[in-house]
Number of protein chains: 2
Amino acid sequence: MNPTVRVTVLPEEKEIFVIPGTSILEAAASANIVMEAPCGGKGLCGKCKIKIIEGQMSASPTEEKVLGKEAVSSGFRMSCQSKINSDCKILIPAQTRLSAQKILTLGIEGEKQIHPSVWKKYTELSPATLDNQISDLDLIRKNVGEKFCVDIYILRKIRNFLKKQDYKCTCVFSDGELINLEPGDTTGINYGVAFDIGTSTVVSALLDANTGKEIALTARMNPQAIYGDDVVSRIQFIINNKDGLERLHLSIIGTMNEMIQEMASSAGISVEQIYKIVLCGNSTMQHIVLKISPEGLGFVPFSLVFREGTDVKAKKLGLQISPNGTVCVFPNIGGFVGGDTVSVILSTRQHESEKIRLSVDIGTNGEIVLGNRKRLISASTAAGPAFEGARISQGMRASAGAIEKVIFAEDVLVNTIANQPPCGICGSGLIDAVAEMVRTGVIDKTGRIQSPDVLKGKIPEKIAERIISSKKGFDFRLVNAENTRAGHPVYITQKDIRELQLGKAAIFAGIKILEKQYGITDEDISEVFLAGGFGNFIRRSNAKRIGLIPDIASERIRFVGNAALSGARLLLLSRKLHGVVEDISTETEYIELSVSRDFQDKFADAMLFSAC
Amino acid sequence: MNPTVRVTVLPEEKEIFVIPGTSILEAAASANIVMEAPCGGKGLCGKCKIKIIEGQMSASPTEEKVLGKEAVSSGFRMSCQSKINSDCKILIPAQTRLSAQKILTLGIEGEKQIHPSVWKKYTELSPATLDNQISDLDLIRKNVGEKFCVDIYILRKIRNFLKKQDYKCTCVFSDGELINLEPGDTTGINYGVAFDIGTSTVVSALLDANTGKEIALTARMNPQAIYGDDVVSRIQFIINNKDGLERLHLSIIGTMNEMIQEMASSAGISVEQIYKIVLCGNSTMQHIVLKISPEGLGFVPFSLVFREGTDVKAKKLGLQISPNGTVCVFPNIGGFVGGDTVSVILSTRQHESEKIRLSVDIGTNGEIVLGNRKRLISASTAAGPAFEGARISQGMRASAGAIEKVIFAEDVLVNTIANQPPCGICGSGLIDAVAEMVRTGVIDKTGRIQSPDVLKGKIPEKIAERIISSKKGFDFRLVNAENTRAGHPVYITQKDIRELQLGKAAIFAGIKILEKQYGITDEDISEVFLAGGFGNFIRRSNAKRIGLIPDIASERIRFVGNAALSGARLLLLSRKLHGVVEDISTETEYIELSVSRDFQDKFADAMLFSAC
């Protein structure tokens, strides 16, 4: 395998491994850290400043100019400018990070940033006396001084609990309801879980809801994949099988419970200490999680059972958190555009932007949002699961051992997540690999892998040797057998390239239709947000080269990571955002692409690699 | 058995049997009809006007004066003046009845009288189209035009239901929640059940919530009696047995389900068509129904777990009505004074009265409320179950065959409910019997039954013969063996008289303590409301003779029947009263009698029959 260098990110002491020459910005993204880069990485603003703690890194004149010579000599660098060539330790300060909490802070200026929907109050009560024959519940009401409702299950335990705790306890409230009583003062403890339920990938974060701090993060493949790769095949499964909805529902609930349990264990807490789950997903996923049939999406006119945001007790869904905990599901927009898109809009603040922006959330469905605070339009395209590593011969989720970066030099250089021996390829690796194949002419405009004979002399010999004849033309050996975990080579097949073509064409065509609907062209778009959990970083040039997104200047393209999960975190941390997401949901227009003749035409055009 | 006459009450065609000489007012009460009598039965107002349809009834000069000669010759009579001496058919017009609905009408003048908390709306929806990809729930929202929340169980069924019903259905709402969808237009059907859960007796009415009309009425002994006659012994049972609360809870829920099922069957409806139960009871009963331990009432300071009114899904209590139906439990006042007292205040409108009134709700606990709109004070006294026929050797609930009226003439005359052969004695019969024994000297001031030898020549021989020697003095044979259903005589024992003495003394002493607390005497009380389900009618003179209530002029005493059940009906019919009952609950003061030395003294005094 090609050499990599180790980067230790402080203060979290996270270790990542990158190909030498990788920018700090990109390295940080590999560590799941999305950084401030208001100038789009052009080296103008210096907001992406970090500090070298150990190791050497040369500074460019730009950095000296922007940060000042003194800062540079103290070890400060700009993430967009400096490249990592040897092992190092770097500190990424809080102000450089584009965290959920910071977005929130920006959002509600002058107010306390965090208003979790679950809040606690410690109370020391004076029990009733003959002179003051107050009921236990009224005792609490008087002490709390805010209106709340209370479930019978809590009423049933109040008396014994208060007696046992000598009338000192912490009251736990959620959305105007007293949901639990805890012994002693537990106001400092407040856990919540954010979920992004994708068609192929499920990602979840355990947060301290008092501070917004991330305590654990985990991801899994969506186990529903055995019932179909995409939402359409799962909807068909539900229509065709009497217990289909039940089976899909139970499989995702089971996985969510495993993920919650895993994060709780790693954080050393009990799942009963978690009172809130905030969840977003596409509209099909959101219906299935609630065990509401999405079969309306199986036929024209693709209508939903519910659009609005929905709160439901976790136990009604079989989700194992506190017995009285709640699940908050994002509102949908319409058709196939669900709560995950609302969540992306919320976290990227597209609904507040003066300038016109384009957001593309790339998953099994590609959700596209175009517009600004005056008008937002959205669409969903069936990109297929290629970007999440599914339906790709050796595809995998963006987890340890996944090839996430590919460079064609004299030979093929690859980088894997966590620097593990390669065992497959994830979305960003696939984009890189295909982009490099396009750039070097290994594949032609139509996506066909060329015969090594044709390429002789035009590409390095070591690369040409990787083109292998197969039944349907040629495949490409990305990693040799001796360098992989399993001892088998990693291939990109002709079919894999076709899958990628279908996906990128769908997204590109979707963008074009939205531009047309909006009455604008690429030039009118001030900024592009690329979101998705398909890999840690998409190289903007490669995304453009394969024709995933229009040819917009790189400095206007930002990779915002898993923006859907970020939005779910935000909602978990601020009950004040409920109205905002409801507004986004009702005010964003939905454009149905599946019945559009125009879309079919644009899709056919976009199948080609025009950059060749 | 002594002769009775048959009275058929129209329009309901209800048959009752009364002793000749019974006033129409009293006969109507036997048919559960409480009549208007604003003048207190003094023959001044004519509001108690009825019409004779069949049979003869002489008219008094008073009636001719008040109603007019013409009306009298057309068959109109005043219920308080005319007496029934032969079989007859009478029409009691709606305006003469003091119905729950009328109280409500009086209460909310100028507004529509009935605002049931369950309401329906028939909708014919236009399903989503490609041009209007609206969700099913939003379709309903748009059509209904009012805000509501919705449970996940309903969300799960919306799609299939709407499809099957061709998007025409009736939406059922309760307290701001969409609780069901029904096929077709069912807006004309709306059933609710009112319950008064007494310590000894449970009474329930099935109502048409759209019209307020009573569809069925039923009563049972409280099955919890096997765990103790009164609330204190049941609380002890709960404290002493780990599963005590569970057992008491399940036993009352089982009986409630039987009663609901019985009423539904008799009305030819399904229990699933019932969406609402409104329930009142004393604070112990209300805690047990909700499976909340009342053990706080077992010790000083007698505090409750909850005071406020509580809504809970029927299924959480195991009550079998519509799966999404709700149970509304009245707020308590404090200590032993519960929702039934709030309900009595509501239905008698004591909280709105300018003049000072006294309400006495006689059951196993006697609940007393004194005051007017400016100040209301309340207390509960342990009257024991004698007034409901329990703990009396041959006592029974006021149901068919119960002796409900007793007159001592040359011999003893008795009247039973439904004119059945006597099988026991109910509360009102016991009061009558003891009052007559006091009047004729059969018992002395201390309550002791005198020897027939002592009474020889002072009372009719046939009555003297009924005094029988027993182990502990004497018993009194009220009905001879040949006249009873079982062929055994009905006795009133010396012990029965002691039970009655304990009960009446507790209530009388309670009234005296409240008068003292309020700083008034009997003379300041403008009106006395006697409530209870212990028999259909209490003769005011007899209630005063035995010393159950103070010696207040009879025209100032009104018998209001089961006023607690009436209040529950009112709340079932008007969601606007929820705030009113909450205000009554918080603003009525509670006086704890059980620790009052003064009460003990007054109680001891009140044991005597002072009228002798």
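Given a 1.4 Å probe and the protein chains all in place, what does the accessible area of A:K458 round to, in Å² to the nearest 10?
Result for A:K458: roughly 150 Å² accessible.
Relative to the first principal axis of the alpha-carbon coordinates of chain A, what is the inclination of helix A:494-518, with its axis defined by its Cα atoms, in degrees from 0 to 90 and to the nearest 10?
70
Convex hull volume of the Cα atoms in chain B, per residue, in Å³? Could you put the intermediate results ahead of the total?
On the way: hull volume 103.0 nm³, N = 612.
Expressed per residue, the convex hull around the Cα atoms of chain B is 168 Å³.
Tell me the relative contact order for the stretch B:228-291 as a rounded percent, counting alpha carbon contacts under 8 Å between residues six or more apart. Walk me through the numbers on the way to the answer.
Numbers: 23 pairs, mean separation 27.8, N = 64.
With pairs under 8 Å counted, the relative contact order is 43 percent.
Which value, in Å³ per residue, describes the convex hull spanned by the Cα atoms of the stretch A:428-481? Write down the numbers at each step before the final one.
On the way: hull volume 4.8 nm³, N = 54.
Once divided by residue count, the hull of the stretch A:428-481 is 88 Å³.
For the protein assembly as shown, what proportion of DSSP beta bridges, expressed in % and rounded to the nearest 5, is antiparallel? Mind dumping the intermediate values first?
Values: 146 of 211 bridges.
The answer is about 70 percent antiparallel.
Probe radius 1.4 Å, ligands and nucleic acids ignored: give me the carbon and sulfur share of the accessible area of the protein assembly as shown as a rounded percent. Provide the component values of the computation, followed by the final result.
Details: 22710 of 45950 Å².
The nonpolar share, carbon plus sulfur, comes to 49 percent.
I'd like the distance separating the alpha-carbon centroids of the stretch B:510-551 and the stretch A:510-581, in whole Å.
Taking the Cα centre of the stretch A:510-581 as reference, the centre of the stretch B:510-551 is 79 Å away.
What's the average, rounded to a whole number, of partner chain beta-carbon atoms within 10 Å of each residue's beta-carbon in A:158-166?
Working: counts 4, 10, 3, 0, 1, 2, 0, 0, 0.
Average per residue, whole number: 2.
Mind grabbing the accessible area of A:K602 for me, 1.4 Å probe, Å², rounded to tens?
Taking all protein chains as shown, A:K602 has close to 60 Å².
List every residue whose amide H lies under 5 Å from the amide H of B:S200, counting only residues 5 or more places away in sequence or on a different chain, with H placed 1.01 Å from N in the peptide plane.
Distant-sequence amide H within range of B:S200: B:T364.
Could you name the lysines whose alpha carbon sits less than 27 Å from that of A:K445, not counting residues in the same chain fewer than 8 places away?
Answer for A:K445, where 27 Å is the Cα cut-off: A:K405, A:K456, A:K458, A:K462, A:K471, A:K472, A:K495, A:K504, A:K512, A:K516, A:K544, A:K602, listed by chain and number.
Against the empirical 2.2 N^0.38 Å scaling, what ratio does the C-alpha Rg of the stretch B:516-570 come to? Display every interim value, and only then the final one.
Working: Rg = 12.5 Å, N = 55, 2.2 N^0.38 = 10.1 Å.
Dividing the Cα Rg of the stretch B:516-570 by 2.2 N^0.38 Å gives 1.24.
What lysines sit close enough to B:K49 to cross-link, taking a C-alpha to C-alpha distance under 20 Å and skipping anything fewer than 8 places away on the same chain?
List returned: B:K14, B:K65, B:K69, B:K83, B:K89, B:K102.
Please tell me the relative contact order of the stretch A:101-231 in percent, rounded to the nearest whole number, where contacts are Cα pairs under 8 Å and at least six residues apart. Write out the running numbers ahead of the final one.
On the way: 200 pairs, mean separation 27.6, N = 131.
Across the stretch A:101-231, relative contact order equals 21 percent.
Once the Cα atoms of helix B:427-440 and of chain B are each reduced to a long axis, what angle between those two axes, in degrees from 0 to 90 to the nearest 10, is obtained?
The two axes meet at around 20 degrees.
Could you bin all the Cα-Cα distances of the stretch B:470-612 into 5 Å bins starting at 0 and give me the percent of pairs in each, rounded to whole numbers?
Percent of pairs per bin, in order: 2, 8, 11, 15, 18, 16, 12, 8, 5, 4, 1, 0.
Can you tell me the dipole magnitude for the stretch B:203-353 around its Cα centre, using point charges on the Cβ only (Lys, Arg +1; Asp, Glu -1), in Debye to the nearest 20? Display every interim value, and only then the final one.
Values: 12 positive and 14 negative charges, 52 e Å.
Approximately 260 debye in magnitude.
Calculate how large, on average over all directions, the projected area of the Cα convex hull of the stretch B:153-228 is; give the answer in nm² to one decimal.
Values: hull surface 29.6 nm².
It is 7.4 nm².
Of the options A:A409, A:T364, A:I333, report the single residue whose Cα projects farthest towards the positive end of the charge dipole of chain A (beta-carbon charges: Lys, Arg +1; Asp, Glu -1).
A:A409
Spelling out what I want: for every residue of the stretch A:65-74, take phi, set θ = phi - 60°, compute 6.51 cos²θ - 1.76 cosθ + 1.60 (Karplus), and round to whole Hz; glycine and proline get x.
Per residue, the Karplus-derived 3J(HN,Hα) values read 6, 6, 8, x, 4, 4, 4, 4, 6, 7 Hz.
Given H placed 1.01 Å from N in the peptide plane, which residues other than close sequence neighbours of B:E404 have an amide H under 5 Å from its amide H?
B:N415, B:T416, B:I417
Take every Cα-Cα distance within the stretch A:359-410, group them into 5 Å bins from 0 onward, and report for each bin the whole-number percent of pairs it holds.
Going out from 0 Å in 5 Å bins, the stretch A:359-410 shows 5, 17, 17, 17, 15, 12, 9, 6, 2, 0, 0 percent.
Run the numbers on the stretch A:271-309: which residues show a drop of 50 Å² or more in accessible area, chain on its own versus all protein chains together, using a 1.4 Å probe over heavy atoms?
A:E295, A:P301, A:S303, A:V305, A:E308
For the protein assembly as shown, what does the accessible surface come to per residue with a 1.4 Å probe? Please give it in Å². Kindly include the intermediate steps, with their values, before the conclusion.
Values: 45950 Å² over 1224 residues.
Per residue, the protein assembly as shown has an accessible area of 38 Å².
What aspartates and glutamates does A:K47 reach when the alpha-carbon gap must be under 19 Å and sequence neighbours fewer than 8 apart in one chain are set aside?
Cα-Cα hits under 19 Å: A:E26, A:E36, A:E63, A:E64, A:E70, A:E527, A:E555.
Using the 2.2 N^0.38 Å rule of thumb for compact globular proteins, work out how the stretch B:380-441 stacks up: its C-alpha Rg over that value, please. The partial results should precede the final answer.
On the way: Rg = 11.8 Å, N = 62, 2.2 N^0.38 = 10.6 Å.
Scaled against compact globular proteins, the figure is 1.11.
Each residue of the stretch B:522-529 in turn: what ³J(HN,Hα) in whole Hz from Karplus with 6.51, -1.76, 1.60 and θ = phi - 60°, glycine and Pro shown as x?
3, 5, 7, 8, 7, 7, 10, 9
Given contacts defined as C-alpha pairs under 8 Å and at least six residues apart, what's the relative contact order of chain B, whole-number percent?
The normalised contact order for chain B reaches 14 percent.
Please report the antiparallel percentage of DSSP beta bridges with both residues in chain A, rounded to the nearest 5. Spell out each step's value before the answer.
Details: 73 of 105 bridges.
Roughly 70 percent of the beta bridges in chain A run antiparallel, per DSSP.
Which one, A:N419, A:H115, A:F76, projects farthest toward the positive side of the charge dipole computed for the protein assembly as shown from Cβ point charges (K/R +1, D/E -1)?
Going by the charge dipole, the pick is A:N419.
When the dipole is taken about the Cα centre of chain A, and only Lys, Arg (+1) and Asp, Glu (-1) are charged at their Cβ, what size is it in debye, to the nearest 20? Mind dumping the intermediate values first?
Values: 72 positive and 70 negative charges, 59 e Å.
Computed about the Cα centre, the dipole is about 280 debye.
Could you state the angle between the C-alpha long axis of helix A:152-164 and the longest principal axis of the C-alpha atoms of chain A, as a value from 0 to 90 degrees rounded to the nearest 10?
Long axis of A:152-164 versus the principal axis of chain A: about 70 degrees.
Got a sec to turn the phi values of the stretch A:477-485 into Karplus ³J(HN,Hα) couplings, 6.51 cos²θ - 1.76 cosθ + 1.60 with θ = phi - 60°, whole Hz, x for Gly and Pro?
8, 7, 10, 6, 3, 5, 9, 9, 5
Over both sides of the B-A contact, add up the buried accessible area with a 1.4 Å probe and give it to the nearest 100 Å². Please report the intermediate quantities before stating the final value.
Values: alone 24700 and 24720 Å², together 45950 Å².
Approximately 3500 Å², summed over both chains.
For the stretch B:150-250, give the magnitude of the charge dipole about the Cα centre (Cβ charges: +1 Lys/Arg, -1 Asp/Glu; no others), in debye to the nearest 20. Walk me through the numbers on the way to the answer.
On the way: 11 positive and 13 negative charges, 101 e Å.
The dipole magnitude comes to about 480 debye.
Can you give the translational diffusion coefficient of the stretch A:251-335 in µm²/s, computed by Stokes-Einstein from the Kirkwood radius over Cα pairs at 4 °C and 1.567 mPa s?
Working: Rh = 13.6 Å.
Rounded to a whole number, D works out at 95 µm²/s.
Please label the shape of the stretch A:499-543 as rounded, prolate or oblate, based on the square roots a ≥ b ≥ c of the eigenvalues of the alpha-carbon gyration tensor (a/c under 1.5 means rounded; beyond that, a/b larger than b/c means prolate, else oblate).
Note, shape of the stretch A:499-543 comes out oblate.
Which values, in whole Å and largest first, are the semi-axes of the equivalent ellipsoid of the protein assembly as shown obtained as the square root of 5 times each eigenvalue of the Cα gyration tensor? Before the final figure, lay out the partial values.
Working: eigenvalues 1335, 188, 115 Å².
Working from the Cα gyration tensor, I get semi-axes of 82, 31, 24 Å.
Using alpha carbon coordinates only, what is the Rg to Rh ratio of the stretch B:120-193, with Rh defined as the Kirkwood radius? It would help to have the intermediate numbers written out before the result.
Numbers: Rg = 12.0 Å, Rh = 12.6 Å.
Rounded to two decimals, Rg over Rh is 0.95.
Any chance you could list the semi-axes, whole Å, largest first, of the equivalent ellipsoid that the Cα gyration tensor gives for the stretch A:365-522, using √(5λ)? Please list the in-between numbers first.
Values: eigenvalues 200, 71, 34 Å².
Here the semi-axes work out to 32, 19, 13 Å.
Leaving ligands and nucleic acids out of the surface, order A:Y590, A:Y122 by accessible area at 1.4 Å, largest first. Don't skip to the answer; put the middle values down first.
On the way: A:Y590 40, A:Y122 70 Å².
Final ranking, largest accessible area leading: A:Y122, A:Y590.
The values are calculated or read from the model by the stated rules, or taken from the named source; none is laboratory data. Every value quoted in this text rests on a predicted model; they were computed, and no experiment measured them. Cβ atoms come from the backbone with ideal geometry, glycine included; neighbour counts cover every protein chain shown. Each accessible area value is taken on the protein alone, full model and side chains, heavy atoms only, with ligands, DNA and RNA left out. Shrake-Rupley method; radii C 1.70, N 1.55, O 1.52, S 1.80 Å.
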